Amino acid sequence: MIRLALSLVFLVFLTFETYCQKNITYYLPDIEYDSTIPTPESVFGFQIGEWHLSHDQLVMYMKMLAKSSPRVSLQEYARSYEQRPLLYLTITSEENHQQLETIQANHLAISNPTTPNKIDLKEQPSVVYQGFSIHGNEASGGNAAPLVAYYLAAGRSPEVLSILKHTVILLDPCFNPDGFQRFSTWVNMHKNEHLIAANEDREYHEAWPGGRTNHYWFDLNRDWLLLQHPESRGRIKVFHEWKPNILTDHHEMGTNRTFFFMPGIPQRTNPITPALNQELTRKIGLFHANALDEIGSLYYNEESFDDFYYGKGSTYPDANACIGILFEQASARGHLQKSENGFLSFPFAIRNQVRTALSTQRAGLELREELLTYQQDFYDSALKEADNNTVKAYVFGGEKEKYRTSQLVQLLQQHQIEVYPLKKEVEVNGRKYVEKHSYIVPTEQSQYRLIRGVFEQATSFKDSIFYDVSSWVLPLAFDLSYDALNSRVYSKQLINEEMDAMDTTPAAGSTEYSDYAYLLEWEHYQSPKVLFQLMAKGLRAKVATKPFEIAGKSYDRGTVMIPVQNQSKPPAQIYNWVLNASNLNNIPLTALKTGYSTHGIDLGSPSFKPLRLPRVLLVVGKGINSYQAGEVWHLLDQRYGIPVSKVEWDDMGKVALHNYTTIVMVNGSYASKEKNGENIKRWVQSGGTLLAIQDAAAWAKKIGVSNANLKTFKEKKEKGLRAYELLDADRGSKRIGGAIVNLSIDRSHPLFYGFQRDDLPALQRGSNAFNLSSNPYATPARYKFQPLISGYIKKELQYHLRGAGAVLVSGYGSGKVICFSFNPNFRAFWYGTNRLFANGIFFGNVINSRAIDLATGKRRE
């Protein structure tokens with residue numbers, strides 16, 4: 001056996017020598033290349049595929065190409081959180097470069113259905129946008145980019161010259177610089193000099209959170225529509241500056257797969273996408289099939305993946321007259337692995353990415369007129385469809401929702417959607433929209449299809465399985481009132497074309513001086529940021545637990561009072577801090593000269609409860625959902641300016657938890673560590689607030705600090721026989737991959753201070769829900785009797801959620817444990833439930849101990 005093992009190891013070494021040491025002709029066609037253009041190997045000192053390129057190496061080579069070749073220009077379009085440049089190359093013929101602005105202007109005119117003179121498509125180049133490695137640890141794409149760029153910059157074949165003449169290539173070598181850098185460091189630092197295809201080697205098992213995500217651990221390939229991160233905002237700006245005909249997105253998948261290219265599963269295509277889009281996708285797919293056939297690579301399509309969610313890189317283009325193409329290459333996740341298809345080397349993965357990038361260019365050339373015609377017809381037909389649609393506009397906004405409204409407006413505008421201030425009041429379905437606080441989006445515009453994708457609600461679908469979420473209605477995510485307007489209500493007189501008619505910035509000094517107290521109303525999304533800024537200065541603050549009226553104005557529960565007297569600083573200093581926080585966040589604070597209320601509680605009432613300066617610990621590490629952890633980190637760090645200590649789960653048994661007021665545990669599997677549980681239990685007992693999301697709530701119950709019982713889903717067993725081929729579909733239909741549900745909330749509860757309506761839309765993934773607490777005050781949020789607003793949830797699962805608990809407050813000793821059955825911070829764009837999470841941090845200690853489901857502290861297995 002020992003001899004056999006040694007023989008196998010030797011064979012692996014031989015395999016590396018055979019498959020991992022390549023020259024450039026392994027990757028690229030053997031044509032004539034301009035010798036004055038530097039090859040990747042001449043710059044890096046090694047051939048592509050021998051090591052993983054770091055992001056700075058990638059940038060260095062692209063800059064060198066732009067300096068060396070008149071076919072190439074380079075532009076930086078954004079910076080990542082870690083200040084790495086995101087850039088793209090514009091690659092086309094020298095002649096095209098000399099008239100690039102004209103080409104670009106004419107190309108954009110194709111997408112404008114109101115252009116009086118139609119562009120002659122016969123002479124217009126097509127535009128192909130090629131992007132790589134949006135998931136940083138799917139590195140074969142980013143490592144292929146230099147080869148693709150070199151081919152176009154240096155190639156002298158008739159085909160290359162024809163592509164350059166008739167096509168403008170936008171080449172983005174790396175969509176995710178921070179994750180790409182993180183992963184390259186990991187695999188290179190663990191690379192053996194003598195490679196061995198041992199899949200259990202540490203090289204192939206990244207440390208948490210891995211290199212897939214950006215700095216804040218977000219999946220950037222879900223952010224194309226949401227635009228919550230600088231990488232995405234910059235990329236979409238480039239997209240709309242050019243409006244490409246094809247966009248490719250190069251990924252990796254499981255090691256035992258082969259190679260996938262679009263189209264995906266036909267019946268799961270978003271119904272808003274024109275059928276011709278998928279026909280063109282199939283035509284382009286034939287170019288990929290031919291390219292992979294030439295090198296003997298296996299591949300497949302119309303399986304596994306779909307084109308439904310418009311927030312992915314291969315699907316967002318479909319709503320914008322572009323053909324989005326997803327490539328998925330079996331991943332080496334390092335340099336060499338063993339797979340069921342034989343040895344999988346990093347160079348092999350790179351070659352497939354290179355060849356399909358080149359086949360995309362070939363398709364952009366040969367289908368040029370067809371693609372341009374499709375683009376033109378897409379926008380022409382959009383206006384016709386809009387004219388036939390009964391929905392003529394969408395209106396949204398509200399007086400108490402200024403910040404969230406402005407954020408949605410900015411988001412829509414980044415997608416080239418026309419948004420206007422409402423010119424006069426309109427009432428729809430019992431809701432009033434007033435001109436100073438509302439916006440209107442007419443549907444009769446070129447982005448009609450994307451508007452539908454943003455605003456429409458749907459609960460009926462052709463298929464019951466989705467690769468990603470089944471609904472993402474943006475006004476619901478922002479918790480904004482919104483309505484569709486039909487022809488009876490809508491008229492162009494509702495549109496105010498002057499965007500500055502809704503300037504939401506308060507004038508400097510709008511917060512007056514007081515030597516008594518300041519009030520901060522809590523309905524503003526940015527109120528937690530203002531409060532933290534002031535409390536971090538050492539100021540004391542209290543929150544009103546009952547409504548009141550003072551100086552002729554009514555204030556709701558959740559209003560925060562900052563008294564001036566008995567603070568550590570003089571009134572003038574306090575005013576400067578208050579004024580600065582007010583102006584920085586566009587939130588005026590009210591200055592008071594008296595504590596006497598005409599109605600309700602006075603400012604000295606015991607119903608004003610003292611607040612603690614939040615000191616937050618976020619549990620991270622192996623087994624914990626890195627997306628959710630990143631969402632918490634991003635929310636507190638970027639939006640609220642609250643420092644966060646990120647502590648590994650393995651270290652929680654030895655951390656001095658008395659330094660923290662709040663611990664956040666997101667969804668995940670928390671390995672059994674008795675010291676960790678005992679340390680957290682003592683901390684909760686002493687008055688700490690634990691926020692436990694989804695499965696973390698089950699862990700809190702297990703150690704005895706919570707009584708939150710997850711409701712068991714009683715699955716209906718299938719009767720009779722089922723065809724074997726239906727197994728995957730049956731299982732998939734029983735999963736809640738992402739749908740919008742409606743919660744009934746108690747706005748008198750501290751967790752819902754600042755909310756304006758009794759209903760709250762939330763994003764539900766998975767079937768987690770709580771049995772109602774025996775304490776009638778301890779479940780301040782429940783699923784509505786009809787919980788589904790939009791998206792797909794199987795009927796049995798809707799019954800399971802009906803009336804169940806969504807937020808439950810338990811506790812142990814002097815502490816509180818706030819349990820969530822859903823993720824309140826989903827992908828950073830669920831602004832509505834962000835506020836609930838912030839309330840847990842600021843007001844958790846305010847919750848009356850008689851309104852919690854008190855746990856016994858006994859451990860439960």
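Report the residue count in segment 254-300 for those that are among the β-branched types (Val, Ile, Thr) and closer than 30 Å to LYS338 by Cβ. Write out each step before concluding.
Restricting attention to segment 254-300, the residues satisfying the condition of being among the β-branched types (Val, Ile, Thr) are 255, 258, 265, 269, 272-273, 281, 284, 295.
With the extra rule that they be closer than 30 Å to LYS338 by Cβ, the set shrinks to 255, 258, 265, 295.
Of the residues in segment 254-300, 4 are among the β-branched types (Val, Ile, Thr) and closer than 30 Å to LYS338 by Cβ.
In segment 275-319, what residues are open to solvent by 30 Å² or more (accessible area, probe 1.4 Å) and part of a loop (DSSP other than H, G, I, E, B)?
GLY296, LEU298, TYR299, ASN301, GLU302, GLU303, SER304
Which of the following residues is open to solvent by 10 Å² or more (accessible area, probe 1.4 Å), within 30 Å of VAL187 (Cα to Cα) and within 30 Å of the chain's Cα centre (by Cα): GLU82, GLU50, GLU41? Before you say what the answer is, go through the steps one by one.
Working: GLU50 fails: within 30 Å of the chain's Cα centre (by Cα); GLU41 fails: within 30 Å of the chain's Cα centre (by Cα).
Matching residue, one of GLU82, GLU50, GLU41: GLU82.
Looking at segment 221-270, which of its residues are over 24 Å from LEU100 (Cα atoms), touching a helix residue (DSSP H, G or I) at 6+ places or on another chain (Cβ under 9 Å) and not in a loop (DSSP other than H, G, I, E, B)?
Within segment 221-270, ARG222, GLU231, SER232, ASP249, HIS250, HIS251, GLU252, PHE259, PHE261, PRO266 qualify.
Which residues, counting only those in segment 653-705, are among the charged types (D, E, K, R) and more than 15 Å from PHE820 (Cα to Cα)? Walk me through how you get there before you give the answer.
We begin by selecting, within segment 653-705, every residue among the charged types (D, E, K, R); these are 654, 673-675, 678, 681-682, 695, 701-702.
Matches in segment 653-705: LYS654, LYS673, GLU674, LYS675, GLU678, LYS681, ARG682, LYS702.
Within segment 422-454, take every residue that is part of a loop (DSSP other than H, G, I, E, B), open to solvent by less than 10 Å² (accessible area, probe 1.4 Å) and not hydroxyl-bearing (Ser, Thr, Tyr) and give me the one that is farthest from LYS492 (Cα to Cα). Walk me through how you get there before you give the answer.
As a first pass, look at segment 422-454 and keep what is part of a loop (DSSP other than H, G, I, E, B): 423-425, 429-430, 434-437, 443-447.
So of that shortlist, the ones also open to solvent by less than 10 Å² (accessible area, probe 1.4 Å) come out as 443, 445, 447.
Restricting the remaining residues to those that are not hydroxyl-bearing (Ser, Thr, Tyr) gives 445, 447.
Working: GLN445: 13, GLN447: 18 Å.
Per the criteria, the residue is GLN447.
Tell me yes or no: at least one residue of segment 560-571 is farther than 21 Å from PRO750 by Cα and buried (at least 20 other Cβ atoms within 10 Å of the Cβ). Even if it seems obvious, please write down each step before you answer.
From segment 560-571, those farther than 21 Å from PRO750 by Cα are 564-571; that's our starting set.
Pick out the ones that are also buried (at least 20 other Cβ atoms within 10 Å of the Cβ) and you get 564.
So far as segment 560-571 goes, yes, one or more of its residues are farther than 21 Å from PRO750 by Cα and buried (at least 20 other Cβ atoms within 10 Å of the Cβ).
Before we move on, is PHE218 part of a loop (DSSP other than H, G, I, E, B), in contact with a helix residue (DSSP H, G or I) (Cβ under 8 Å, 6 or more places away or on another chain), under 30 Å from GLN124 (Cα atoms) and touching a residue at least 40 places away in the same chain (Cβ under 8 Å)?
Working: part of a loop (DSSP other than H, G, I, E, B): yes; in contact with a helix residue (DSSP H, G or I) (Cβ under 8 Å, 6 or more places away or on another chain): yes; under 30 Å from GLN124 (Cα atoms): no; touching a residue at least 40 places away in the same chain (Cβ under 8 Å): yes.
Criteria not met by PHE218.
This table checks each residue for (1) more than 21 Å from LEU531 (Cβ to Cβ); (2) in a loop (DSSP other than H, G, I, E, B); (3) open to solvent by 20 Å² or more (accessible area, probe 1.4 Å); (4) out of contact with any Asp or Glu (no Cβ under 7 Å at 6 or more places or on another chain).
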site	(1), (2), (3), (4)
ASN775	yes, yes, yes, no
LEU797	yes, no, no, yes
LEU808	yes, no, no, no
LYS816	no, no, no, yes
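Could you grab me the full set of residues in segment 533-559 that are crowded, with 19+ Cβ neighbours inside 10 Å and either in a strand (DSSP E or B) or among the aliphatic types (A, V, I, L, M) (or both)?
LEU534, LEU539, ALA541, LYS542, VAL543, ALA544, PHE548, ILE550, TYR555, listed by residue number.
So, THR92, is that one touching a helix residue (DSSP H, G or I) at 6+ places or on another chain (Cβ under 9 Å), hydroxyl-bearing (Ser, Thr, Tyr), open to solvent by 10 Å² or more (accessible area, probe 1.4 Å) and farther than 22 Å from ILE350 by Cα or not? Let's see the steps before the verdict.
On the way: touching a helix residue (DSSP H, G or I) at 6+ places or on another chain (Cβ under 9 Å): yes; hydroxyl-bearing (Ser, Thr, Tyr): yes; open to solvent by 10 Å² or more (accessible area, probe 1.4 Å): no; farther than 22 Å from ILE350 by Cα: yes.
Judged against the criteria, THR92 is not a match.
I'm trying to understand the selection: among the residues of segment 598-630, which are outside any loop (DSSP other than H, G, I, E, B), out of contact with any helix residue (DSSP H, G or I) (no Cβ under 6 Å at 6 or more places or on another chain) and not aliphatic (A, V, I, L, M)?
HIS599, GLY600, PHE608, PRO610, SER626, TYR627, GLN628, GLY630
Name the single residue, out of those in segment 208-262 being among the β-branched types (Val, Ile, Thr) and open to solvent by less than 10 Å² (accessible area, probe 1.4 Å), that is nearest to GLU369 (Cα to Cα). Step through it out loud before you land on a result.
Within segment 208-262, the subset among the β-branched types (Val, Ile, Thr) is 213, 236, 238, 246, 248, 255, 258.
Then drop every residue that is not open to solvent by less than 10 Å² (accessible area, probe 1.4 Å), which leaves 213, 236, 238, 246, 248.
Numbers: THR213: 37, ILE236: 24, VAL238: 23, ILE246: 13, THR248: 19 Å.
Across segment 208-262, the extreme among qualifying residues is ILE246.
Which of the residues that make up segment 380-415 are open to solvent by 60 Å² or more (accessible area, probe 1.4 Å) and over 19 Å from the mean Cα position of the chain (by Cα)?
Of everything in segment 380-415, those that are open to solvent by 60 Å² or more (accessible area, probe 1.4 Å) and over 19 Å from the mean Cα position of the chain (by Cα) turn out to be LYS384, GLU385, ASP387, ASN388, THR390, GLU399, LYS400, LYS402, TYR403.
Sort out which residues of segment 58-74 are open to solvent by 20 Å² or more (accessible area, probe 1.4 Å) and touching a residue at least 60 places away in the same chain (Cβ under 8 Å), and write them in order of number.
Looking only at segment 58-74, we keep the residues that are open to solvent by 20 Å² or more (accessible area, probe 1.4 Å), and these are 60, 63-64, 66-68, 70-71, 73-74.
Once the filter is applied, which keeps residues that are open to solvent by 20 Å² or more (accessible area, probe 1.4 Å) and touching a residue at least 60 places away in the same chain (Cβ under 8 Å), segment 58-74 yields SER68, ARG71.
Given the conditions (1) touching a residue at least 60 places away in the same chain (Cβ under 8 Å); (2) open to solvent by 50 Å² or more (accessible area, probe 1.4 Å); (3) in a helix (DSSP H, G or I), report the number of the one that LYS118 does not fulfil.
Unmet for LYS118, out of (1) touching a residue at least 60 places away in the same chain (Cβ under 8 Å); (2) open to solvent by 50 Å² or more (accessible area, probe 1.4 Å); (3) in a helix (DSSP H, G or I): (3).
How about segment 334-366: which of its residues are under 17 Å from THR167 (Cβ atoms) and open to solvent by 20 Å² or more (accessible area, probe 1.4 Å)?
Those that are under 17 Å from THR167 (Cβ atoms) and open to solvent by 20 Å² or more (accessible area, probe 1.4 Å): ARG362, LEU365, GLU366.
All but one of (1) out of contact with any helix residue (DSSP H, G or I) (no Cβ under 7 Å at 6 or more places or on another chain); (2) assigned to a loop (DSSP other than H, G, I, E, B); (3) in contact (Cβ under 8 Å) with a residue 24 or more places away in the chain hold for LEU743, so report the exception by its number.
(2)
The values are calculated or read from the model by the stated rules, or taken from the named source; none is laboratory data. If you're wondering where the values come from, they're calculated on a predicted model, not measured in any experiment. Don't worry about glycine lacking a Cβ; one is built from the backbone with ideal geometry, like all the others, and counts go over all protein chains shown. Each accessible area value is taken on the protein alone, full model and side chains, heavy atoms only, with ligands, DNA and RNA left out. Shrake-Rupley method; radii C 1.70, N 1.55, O 1.52, S 1.80 Å.
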